[in-house]
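Asks: Sharing a structure below in structure tokens format, with a few things to ask.
What follows is calculated from the coordinates using simple rules that are stated; it is not laboratory data. Because the structure is predicted, anything quoted here is derived from the model rather than measured. Neighbour counts run over all protein chains shown; Cβ positions are idealised from the backbone, glycine included.
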Amino acid sequence: MASTLRRLLRTKPIDEIVQEGGQGEGGELRRTMSLLQLTMFSVGATLGTGIFVVLGEAVPLSGPAIVVSFVLAGLTALFSALSYAELAGTIPVSGSSYSYAYATLGEIIAWVSGWCLMLEYAVSVSAVAVGWGQYINEFVGKLFGVRLPEVLSNPPGEGGVFNAPALAVVLIAAFLLLRGTSESATVNTIMVFIKIVVLLFFCVIAFTAFRAGNLAPFAPMGVAGISAAGAKVFFSYIGFDAASTAGEEAKDPRRDLPRAIVLSLAIVTAVYVLVGLAAVGVLPWREFAGAEASLAMVLDHVTGAAWPSIILSFGAVVAIASVVLTVMYGQTRILFAMSRDGLIPKVFQRVSARRQVPTANTLIVTAFVGLLAGLVELGRLADATSIGTLFAFAIVNVGVMVLRRTRPDLRRSFRTPFFPITPLLGVFFCAYLMIKLDSGTWTAFLSWMALGLVIYFSYSYRHSRLASQS
């Protein structure tokens, strides 16, 4: 029993993790990504559907103080982002929180973290892809007056049989990923700039009709309302860690990964606060209740014309495509790292000698995500991604504290400020938001964890490279 426990909690030497960086079966990954591309990867994964729909859910909870709620959620994310930045600069590899946990907390914790990331990435990107068909329909409908039939554009359970647009956006992302990392990063950077410009366009239009009187009373629901809205909008920040999955393809990972993580969070927070302020300055806060397309509603109120909403719909289509691309990229690189450690089959670490990307890995992820998006009603499993993400964030915060104690000698290109208060607050806020989620979401999450442990003890425990070295 004691030997089994030691094996479960055995950590992987950091020097070995870093030395393996980029190496896969049959080839190695290529370092092509600049600071700008890394930053845009994180912004691309974060700035997606959330901001286009979240105001209709969050403003009724907080009133005009939604601006404060965005700042509160941003600060909550910042605690974890600073821990990610330290570990990304110290352990610059592809596995994100999975690799960080393997180096600090042991194999079983690393597996749980990796399994949480599979839930976060694979299921969330499927859920996002499902929404792409709805935005495509809205964009094409307003522009040309035609719409796709519901059976081919809605998810099962909502009048659809197969969501063809969801599969289409997954296949587009797969095509770019198979072309190469540099090509994918370039396209993503262009898409991120487009969606930021579209959101700034919204702000410019909205501020022409801004009325200060709509901001009073500023916090009608008090601090409780601000906190409730903060918990709701926090999930619009999930994805800032995407740069940490590119540790083995960054040109200068020790310098650029910490900068990209913190910079991307700053950009996203600034955009969210500006959009939130513009929106509540145009309409009385009570009118946001139940509005699914709240930004389009604001533009319709200001202009009374269709063309601004067409531009906004185009921005949403681009935003979702960017999220699908970056999140699928992150999923393949995490699986690459787990396969290299023997915890999942070797096929996931095979690298194409010509393109220098994990081709088989990408095709498998594409097939899984595409079928999930096209055929499955995600329901509670999609909601459970929130808990999985927060759990992974908490592990990273704990990992920073453990590594500072066990390896104070390590070269750190970035140090979390106000240590240990910052990572402790990161753990606290992650736990706080987790317990605020409903029991059905917890049931789905625990079921996913149980499945993960079955797979670990039936396959990963026996095939672990670390165990075979002992």
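Asks: When only Cα pairs under 8 Å and 6 or more residues apart are kept, what is the percent relative contact order across the chain?
Replies: Result for the chain is 33 percent.
Asks: What distance in nm separates the simple spin-label points at Ala224 and Ala431, each placed 7 Å from Cα in the Cβ direction?
Replies: Each label point is offset 7 Å from its Cα along the Cβ direction, giving 2.4 nm.
Asks: Also, quick follow-up: List the trypsin sites (Lys or Arg not before Pro) in the range 331-416 that DSSP assigns to loop (not H, G, I, E or B) and whose Cβ has at most 12 other Cβ atoms within 10 Å. Which are they?
Replies: Sites meeting the loop and neighbour criteria: Arg354, Arg411.
Asks: What pairs from Lys142/Lys232; Lys195/Lys346; Lys195/Lys232 go past 28 Å between their alpha carbons?
Replies: Lys142/Lys232; Lys195/Lys346
Asks: What spacing in nm lies between the two simple spin-label points modelled at Arg211 and Phe175, each 7 Å away from Cα in the Cβ direction?
Replies: Taking the two extended label points, one gets 4.7 nm.
Asks: Could you tell me which helices of the chain pass both thresholds, a Cα extent of 27 Å or more along their own axis and a mean Kyte-Doolittle hydropathy of at least 0.5, with helices taken as whole DSSP H runs?
Replies: 66-90, 124-144, 181-207, 253-282, 307-340, 380-406
Asks: With each pseudo-label sitting 7 Å past Cα toward Cβ, what's the Ile190-Leu5 distance in nm, one decimal?
Replies: The answer from the label model is 5.7 nm.
Asks: Another question, then. Give the residue from Gly145, Leu437, Leu117 lying farthest towards the positive end of the charge dipole for the chain; charges sit on Cβ (+1 for Lys and Arg, -1 for Asp and Glu) and the dipole is referred to the Cα centre.
Replies: Sorting the options by dipole projection puts first Leu117.
Asks: While we're on this one: Ranking Cys430, Cys203 by Cβ neighbours within 10 Å, fewest first, what do you get?
Replies: With the fewest neighbours first, Cys430, Cys203 line up as Cys203, Cys430.
Asks: First measure r as the distance between the Cβ atoms of Phe419 and Val146, then evaluate 1/(1 + (r/R0)^6) with R0 = 45 Å and state the FRET efficiency to the nearest 0.05.
Replies: 0.20
Asks: Report, by chain and number, residues whose modeled amide H sits under 5 Å from the one on Arg350, excluding near sequence neighbours (fewer than 5 apart, same chain).
Replies: Glu25, Asn361
Asks: Which loop-located trypsin sites (Lys or Arg not before Pro) does the range 250-311 contain, where loop means any DSSP state but H, G, I, E or B and the Cβ has at most 16 other Cβ atoms within 10 Å?
Replies: Of the trypsin sites (Lys or Arg not before Pro), the ones in loops of the range 250-311 whose Cβ has at most 16 other Cβ atoms within 10 Å are Lys251.
Asks: Let me ask something else. Going by how many other beta carbons lie within 10 Å of each one, how would you line up Tyr98, Tyr459, fewest first?
Replies: Tyr459, Tyr98
Asks: Continuing with this model, one more query. Taking 0.36 nm per residue of separation and subtracting the Cα-Cα distance, what length does fully extending Ala467 through Glu183 add?
Replies: Extra length from Ala467 to Glu183 when fully extended: 98.5 nm.
Asks: Now, a different point. For the residues Leu283, Leu200, what sequence is obtained by ranking on other C-beta atoms within 10 Å, fewest first?
Replies: Result, fewest neighbours first: Leu200, Leu283.
Asks: Here is a follow-up. Post the alpha-carbon centroid distance, the range 132-211 to the range 425-444, in whole angstrom.
Replies: 30
Asks: Subtracting the Cα-Cα distance from 0.36 nm times the residue separation, let me have the gained length for Phe201 to Arg405 in nm, one decimal.
Replies: Going from the current span to full extension adds 68.6 nm.
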